[in-house]
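The values are calculated or read from the model by the stated rules, or taken from the named source; none is laboratory data. Keep in mind the model is a prediction, meaning the values are calculated, not measured. Cβ atoms come from the backbone with ideal geometry, glycine included; neighbour counts cover every protein chain shown.
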Amino acid sequence: MFSFLSTAQRGFLFFFLLAGGQAWVAAGLSLGWSLATILTGSVGAAALAGWVFLSTASVVKTVFADFVRHARHLSQGDLTQEIPALGSADAVAALRAMQALQAELRKTIGAIRTGADEVSTASSEIAIGNQDLSQRTEQTASNLQQTASALSQLTGNVRQSAESASQANQLASSAAQVARRGGTVVAQVVATMD
């Protein structure tokens with residue numbers, strides 16, 4: 001019934017009813033009212049004050065229970081539970097603050113998930129690039145090994161060719177000496193024949 005009243009207004013109404021009950025008793029005693037009239041008025045005011053107090057306590061208890069329930073959900077990482085904040089502004093201020101906290105947590109966790117996805121994608125791309133680089137490095141190393149082997153073989157062939165050329169040079173030199181000697185002998189033979 002008093003859900004539209006703020007907590008401060010409920011407190012004022014509660015104390016007004018208590019003070020009104022006391023004023024009723026004081027007025028009744030000073031004006032000589034009957035005891036039944038005094039008791040009826042003061043008990044009625046006290047009953048209304050009690051009802052205001054209990055309804056306020058019930059609202060506070062409900063809000064507190066809702067707050068605790070939603071705090072447990074948040075502490076367990078459950079951001080899917082909607083947090084209704086119904087009632088007067090000051091009675092549900094804590095629930096509204098929790099709504100704002102939940103909204104910010106959703107945004108933050110969403111941003112973290114997006115960042116984690118981007119890091120995962122970048123990591124996958126780096127891993128693929130590293131694997132490609134590794135394969136190309138292995139291929140280059142294999143090519144260098146083949147080139148070194150071919151150069152070693154070529155060096156051996158060049159050395160063998162140089163040795164062969166040296167032998168051919170010696171043979172040519174020997175042949176030239178033999179030819180000179182043969183030319184000398186032929187000249188002597190021709191001289192002798194003459």
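Output the residues belonging to the stretch 82-93 that are modelled with pLDDT of 80 or more and closer than 14 Å to A65 by Cβ.
Answer for the stretch 82-93, where residues must be modelled with pLDDT of 80 or more and closer than 14 Å to A65 by Cβ: I83, P84.
Please verify whether the stretch 5-26 includes one or more residues that are modelled with pLDDT under 90 and assigned to a loop (DSSP other than H, G, I, E, B).
yes
Have a look at R72, R106, R113, R96 and point out the one that is within 24 Å of S55 (Cα to Cα) and not hydrophobic (A, V, I, L, M, F, W, C).
R96
From the list R69, R106, which one is among the basic types (K, R) and closer than 25 Å to L5 by Cα?
R69
Tally the residues that are of a type in the set (A, V, I, L, M), modelled with pLDDT of 85 or more and crowded, with 16+ Cβ neighbours inside 10 Å, restricting the search to the stretch 36-73.
The total comes to 6.
How many residues are closer than 25 Å to F16 by Cα and either among the small types (G, A, S) or crowded, with 16+ Cβ neighbours inside 10 Å (or both) when one looks only at the stretch 74-92?
5
Answer yes or no: is there a residue in the stretch 142-150 that is surrounded by 10 or more Cβ atoms within 10 Å (Cβ to Cβ), within 30 Å of T80 (Cβ to Cβ) and either of a type in the set (D, E) or more than 35 Å from the chain's Cα centre (by Cα) (or both).
no
In this structure, is A116 farther than 30 Å from G77 by Cβ, surrounded by 10 or more Cβ atoms within 10 Å (Cβ to Cβ) and among the aliphatic types (A, V, I, L, M)?
No, not satisfied.
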